[in-house]
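The values are calculated or read from the model by the stated rules, or taken from the named source; none is laboratory data. Keep in mind that what you see is a predicted model, and the values were worked out from it rather than measured. A quick note on method: Cβ atoms are made from the backbone with ideal geometry, for glycine too, and the neighbour counts reach across all protein chains shown. These area figures cover heavy atoms from the full protein model, side chains too; ligands, DNA and RNA do not enter into them. Shrake-Rupley method; radii C 1.70, N 1.55, O 1.52, S 1.80 Å.
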Amino acid sequence: MKDAYNRDIRYLRLSVTDRCNYRCRYCMDEHAPISPRDPASAEELAEIAQACYRLGIDKIRLTGGEPLMRGDIVELCRMIRAISPDIELAMTTNGSMLPIYADKLKAAGLSRLNISLDTLDRERFRSLTRVGELDDVMSGIDAADNAGFSGTKINAVLIGGVNDDEVPAVAALAQTRDVSVRFIELMPMHVVSGWDDSCYISAERVMPLLGELTPVGFDGVTQLYSKDGWRGTVGFITPMSHRFCHRCDRVRVTADCKLKPCLHSNEEIDLKGIKGDKLLETIRTGILQKPLSHHLEDRRTDTSRYMNEIGG
Ligand code: SAM
Ligand code: SF4
């Protein structure tokens, strides 16, 4: 459906849990409160997905927290896939558990994977995630490939002084693999809002490190480039340096079932316990309240949430 500014809203990012096996420094406070259990059942989440589909949303991304922390994640994929074969059903994951889940997710009807990977250096990886092992994620990328997932995206958050020197190495994953490596500008969510200015670097600053790139259009809010002789593509998501709100086609649902028309707004509409036509109408009203734009140019987000509750 169209929002109040004539944007066609077709994409739902559904945060299925706020729990995570990692504690990435830019996403969660080490001691961030986490729900002891997943706040929403698979049935509630599938009903939200169905209502959104009825409103014209045909792309659904499961995110979190770490979606693979849910014990019923495969069943949830099956339930959403059962709504329609036409839904593009994707997942954003830290990849560490894909060696266990990739085949099952594929069989349950998941269409695509985004895997987060900010560094190829084992020590840096451990420091950024506080607890993670780089090798687990690399095995996860291979597992996705072996399970038959194509069009996999690798997401790297750009953090000045932390991983900007690795941009060419991380991008080069697209040289030999059929993946799209996307660099995302760091956003000032919660703990990150107090980080030093030098941590925020624009895509434009790192692009020259990649030599000659050929623009090949947009995928949603991502500007994509190809490079001579490379199998995959490289992309940049630039919420800080370029406002792309005019092409934003998404809404979010947080891990505790709040509809969030904009990532950076504090406005949330509670969907918990709402069912049937009332649910559809509540989501429709929420979409019509989607604001025109955010205020990130002042390095200010209005949301008070941690990213692991919203899903990125
Ligand atoms: N656990 C999964 C993962 O890490 O891919 C899914 C949830 S995570 C919140 C979704 C995405 O948000 C990841 O790609 C992560 O890097 C990104 N993210 C988290 N905090 C961010 C921040 N402050 N700025 C930019 N991206 C962020
Ligand atoms: Fe977990 Fe993903 Fe957040 Fe890292 S970015 S703490 S893996 S939810």
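Let's see if you can work this out: charge +1 on each Lys and Arg Cβ, -1 on each Asp and Glu Cβ, no other charges. What is the dipole magnitude of the chain about its Cα centre, in debye to the nearest 20?
700 debye
Quick check for you: with a 1.4 Å probe and neighbouring chains kept, what is the accessible area per residue of the chain, in Å²? Intermediate results must be reported in sequence, preceding the final value.
Working: 13030 Å² over 312 residues.
Spelled out: the 1.4 Å probe surface of the chain, per residue, equals 42 Å².
What is the gain in length, in nm to one decimal, between A107 and V131 on full extension, counting 0.36 nm per residue of separation less the C-alpha to C-alpha distance?
Between A107 and V131, full extension yields 5.7 nm more.
Which lysines have a Cα lying under 24 Å from the Cα of K59, excluding residues fewer than 8 positions away in the same chain?
Within the straight-line cut-off, K59 pairs with K2, K104, K106, K153, K258, K260, K272, K275, K278, K290.
Quick check for me: using +1 on Lys/Arg Cβ and -1 on Asp/Glu Cβ, what's the dipole size of the stretch 1-127 about its Cα centre, in debye to the nearest 20?
260 debye
Below 8 Å between Cα atoms, with a sequence gap of 6+, how large is the relative contact order for the chain in percent?
Values: 659 pairs, mean separation 69.1, N = 312.
RCO, the chain: 22 percent.
Of all accessible surface on the chain at a 1.4 Å probe, what whole percent is carbon and sulfur?
The C+S portion of the solvent-accessible surface of the chain is 48 percent.
Placing +1 on the Cβ of each Lys and Arg and -1 on the Cβ of each Asp and Glu in the chain, which of A32, N21, A107 has its Cα farthest towards the positive end of the resulting dipole?
Positive-most Cα among the choices belongs to A107.
Using a 1.4 angstrom probe on the protein heavy atoms only, line up W195, W230 by accessible area, largest first.
Heavy-atom accessible area, descending, gives W195, W230.
Send over the Kirkwood Rh of the chain, from the inverse of the averaged 1/r over different Cα pairs, rounded to one decimal Å.
After inverting the pairwise mean of 1/r, the radius is 19.6 Å.
Tilt of helix 276-288 relative to the longest C-alpha principal axis of the chain, in degrees (0 to 90, nearest 10)?
Its long axis makes an angle of about 50 degrees.
Report, to the nearest 10°, how far helix 134-146 tilts away from the longest principal axis of the Cα atoms in the chain, using its own Cα long axis and a range of 0 to 90°.
Tilt relative to the chain: about 70 degrees.
Size of the dipole of the stretch 210-312 about the Cα centre, Lys and Arg at +1 and Asp and Glu at -1 on the beta carbon, nothing else charged, in debye to 20?
Values: 16 positive and 14 negative charges, 33 e Å.
In debye, rounded to 20, the stretch 210-312 gives about 160.
Measure nothing fancy, just the Cα-based angle from helix 98-107's long axis to the longest principal axis of the chain, in degrees from 0 to 90, nearest 10.
50 degrees
Taking the alpha-carbon centroid of each part, what is the distance from the stretch 19-59 to the stretch 246-307 in angstrom?
13 Å
Counting each DSSP H run of 4 or more residues in the chain as -39500 (n - 2.57), what helix-only mean residue ellipticity at 222 nm follows after dividing by all residues, to the nearest 500 deg cm²/dmol?
Calculated from helices alone, the mean residue ellipticity at 222 nm is -7500 deg cm²/dmol.
What does the highest-first list of 271-283, 44-56 look like by mean Cβ count within 10 Å? Kindly include the intermediate steps, with their values, before the conclusion.
Values: 271-283: 15.3, 44-56: 20.6.
Averaged packing, sorted descending, gives the order 44-56, 271-283.
If the rule is a partner Cβ under 4.7 Å, which cysteines in the chain fail it?
When partners are defined as cysteine Cβ atoms under 4.7 Å apart, the chain leaves C20, C52, C77, C199, C245, C248, C257, C262 without one.
Take the alpha carbon atoms of the stretch 118-238, find their radius of gyration, then divide it by 2.2 N^0.38 Å using N residues; give the quotient. Intermediate results must be reported in sequence, preceding the final value.
On the way: Rg = 14.5 Å, N = 121, 2.2 N^0.38 = 13.6 Å.
In units of the 2.2 N^0.38 Å rule of thumb, it is 1.06.
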